[in-house]
Each structure stands twice: as C-alpha cells, then as structure tokens.
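Inspection log for the structure reproduced underneath, given as structure tokens.
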C-alpha cells in the first residue's frame, strides 16, 4: 500500500502536469550522533547516507505525508541542538514549463511553523 503524501500534481493549460514533491532533510549529522539518530528513526521511512568526500551524514524523509512524525523531529532537533541551517523542507518541482506557480500545502506550512529550518527548492524542467 502506498502511503498518503502531500505531493501535488498541478495541471497546466496544455494538459501536462507539474509534479511537486515535499521532503524533509537533516544534514551535517556527525559520526558521533548518527547511531543515536538511526536508533530514534528505526521505525521511520527514511534514507540515511553519507555523501562522498564528506564527513557527515544526511537523513532524508522522502515524500512526507500524514505519517510524518513532527514530534520526533522536534525531539531530535532539540536533543542534538541542531541549527536551523542543518534541517528543513526540500521542495522539488518537475515541469515542462520554464515558468509556473504552485502552493505549499497547509500541512507542510504547519510543520514549518512548528520546527522552522530552511526551505529549499529544486526546479527541474523536463523536455522531450
């Protein structure tokens, strides 16, 4: 069963769709605390990796939805005193247009109001 998420499909005038996905990531997690964080996130659907040539880990919650555990995220941020530069929402937009618009769902905004952090955008123009 596919989990419910807040991703969007926005129809454009030519019948194509822009796809907008919402993820959450924590970056620059040190070697010293990654095992603790892995333990805390053991029941969560996350990707944890260490980028090449980096000495830190990244935790990614892809396609966040109703099951996003905001209280657990708050606990991690507070317990490990993460700076707002280390975490935030990642919004990815795939489109056939070089322009367009969209919105951030109220649930994502509510999460942001609770924990703050960065909001990063990735805009990908797909051509044939």
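The values are calculated or read from the model by the stated rules, or taken from the named source; none is laboratory data. All of these numbers come straight from a predicted model, not from anything done at the bench. We place every Cβ from the backbone using ideal geometry, glycine too, and count neighbours over all the protein chains shown.
Of all residues in the stretch 25-45, how many are in a strand (DSSP E or B) and touching a strand residue (DSSP E or B) at 6+ places or on another chain (Cβ under 7 Å)?
4
Say we look at the stretch 113-128 and pick out the residues that are touching a residue at least 24 places away in the same chain (Cβ under 8 Å) and assigned to a helix (DSSP H, G or I); which of these is farthest from residue 76 (Cα to Cα)?
114
Among 48, 108, 76, which is at pLDDT 90 or above and closer than 19 Å to residue 10 by Cα? Don't jump to the end; show me each part of the working.
Numbers: 48 fails: closer than 19 Å to residue 10 by Cα; 76 fails: closer than 19 Å to residue 10 by Cα.
On inspection, the qualifying residue turns out to be 108.
Out of (1) assigned to a loop (DSSP other than H, G, I, E, B); (2) at pLDDT 90 or above; (3) in contact with a helix residue (DSSP H, G or I) (Cβ under 9 Å, 6 or more places away or on another chain), what's the single condition that is false for residue 59?
The number of the failed condition is (1).
Report yes if some residue within the stretch 16-24 is assigned to a loop (DSSP other than H, G, I, E, B), at negative phi and modelled with pLDDT under 90; otherwise report no.
yes
Which condition breaks for residue 43 when tested against (1) buried (at least 16 other Cβ atoms within 10 Å of the Cβ); (2) modelled with pLDDT under 90; (3) more than 26 Å from residue 8 (Cβ to Cβ)?
Failing condition for residue 43: (1).
Looking only at the stretch 46-76, count every residue that is without any contact (Cβ under 8 Å) to a residue 24 or more places away in the chain and loosely packed, with under 12 Cβ neighbours inside 10 Å and tell me the total.
Number satisfying all stated conditions: 7.
Could you tell me whether the stretch 62-77 includes any residue that is touching a helix residue (DSSP H, G or I) at 6+ places or on another chain (Cβ under 6 Å), assigned to a helix (DSSP H, G or I) and within 30 Å of residue 16 (Cβ to Cβ)?
No.
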